[in-house]
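Data first, discussion second: the structure below is written as structure tokens.
The values are calculated or read from the model by the stated rules, or taken from the named source; none is laboratory data. These figures come from a predicted structure and were not determined experimentally. For neighbour counting, all protein chains shown are included, and Cβ atoms are generated from backbone atoms with ideal geometry for every residue, glycine included. We work out accessible area using only protein heavy atoms, side chains counted, and drop any ligands, DNA or RNA first. Shrake-Rupley method; radii C 1.70, N 1.55, O 1.52, S 1.80 Å.
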Amino acid sequence: MHTANHYYGHAHVMAQYAGLAEVPRIWGYLQHGWNTVDGYAVGHQFTDGFTKLVWSEACARRGWQLGLRDYMVVGAPFAYLLEMERQREWLASSPRREGTIVYPFHGWEQQHVLGSHAHYIEELRAVEGDVPITVCLYWNEYRQDHVRKVYEQAGFRVITHGYRGFMWKGTDTQFLHKQLAELRRHSRVVSNRISTAIFYGAATGADVGIYGDPMLLEAERAQLGGPAKPLRLWPELHTPHIPRNLAAQQARLELGTDELLSPAEIRQAFGWQHALRSERGEGLETSPTGDSLSEDSSAPPATLPTDDQAAQLEETTA
């Protein structure tokens, strides 16, 4: 299993949906996040003969434009989690939701965000008004005191959903479950850039908005287009209050929620036909087989590899 297939507990969600008692290797590359191209990191090294398992036709089309092939649309793991958590029934129950959850644009281990969080706080207060505000930081920013404290000192509740994981170490396999719980708790979901979280929020029925200083990423990849590309491609989404029907439609498109596979189809697409099944079709147990990946619940590593080192490690484990 490629290390990125394991990020955010995606493999665990898919294995649970497929009715397995283990988390086998995925024989392909599972998209682990949303971006303005095909959902994979720029420069991602693919091995011939392994399918790119993307969330949606939209991602596949953007990949085709780059000259890439071998895509299969399977839907986003988050969309499968919504199915397992009976999202439609939950919405029909008219649940109580309050306040706004904010997902500031984040960097990652090798690239930090450049921008003023203090100024972003001013914009949030001006638009959101006097409501409870939760700020969810990516783990990388959350452990940076100077970033976390600026939001805490503003009186906001500050959280993180957990560590993404790397090389099968430290992955918070409950990441998506925690995120769903927080999204359902809040009536609004906002960010200063179009992002995975915005689509997730719209998929849960929350009001969503995109506004504020989009900030910059150190050495941002030209292919991703910076803050200008999404504004050019999705101008109608860059507003504090995106019409709910428009947001829901875009979420369905980008998350592939209308194209989900059955458990049997997932087992076939992922190469899981012979995986150990759960007796009741739910839950995951430790597998006795050598092909199952054990989970390391340790904290994020203190030191992280450079881009080149990471690429080499991922290539050797693909």
Next item on the list: Kindly indicate whether Phe175 is among the aromatic types (Phe, Trp, Tyr), open to solvent by less than 10 Å² (accessible area, probe 1.4 Å) and under 29 Å from Ser93 (Cα atoms).
Entry: no
Check: For Ala251, which of the numbered conditions (1) open to solvent by 40 Å² or more (accessible area, probe 1.4 Å); (2) assigned to a helix (DSSP H, G or I); (3) modelled with pLDDT of 90 or more fails to hold?
Finding: (1)
Checklist line | Residue list for segment 117-150, restricted to those being in a helix (DSSP H, G or I) and of a type in the set (A, V, I, L, M, F, W, C) | finding: Ala118, Ile121, Leu124, Ala126, Val127, Trp139, Val147, Val150
Note to self: Condition first: at pLDDT below 95 and open to solvent by 80 Å² or more (accessible area, probe 1.4 Å). Can you find one or more residues in segment 294-301 that meet it?
What the structure shows: yes
Next item on the list: Go through segment 1-24 residue by residue and tally those that are assigned to a loop (DSSP other than H, G, I, E, B) and of a type in the set (Gly, Ala, Ser).
Entry: 3
Next item on the list: Only residues that are at pLDDT below 85 and either buried (at least 20 other Cβ atoms within 10 Å of the Cβ) or of a type in the set (A, V, I, L, M) (or both): list them for segment 206-248, please.
Entry: Pro214, Met215, Leu216, Leu217, Ala219, Ala222, Leu224, Ala228
Check: Does segment 182-200 contain any residue that is at negative phi, of a type in the set (Lys, Arg), crowded, with 21+ Cβ neighbours inside 10 Å and touching a Gly at 6+ places or on another chain (Cβ under 8 Å)?
Finding: yes
Check: Is there any pair linking a residue in segment 34-61 that is more than 19 Å from Ala269 (Cα to Cα) to one that is part of a strand (DSSP E or B), with Cβ under 8 Å and at least six apart or on different chains, and which?
Finding: His44/Tyr29
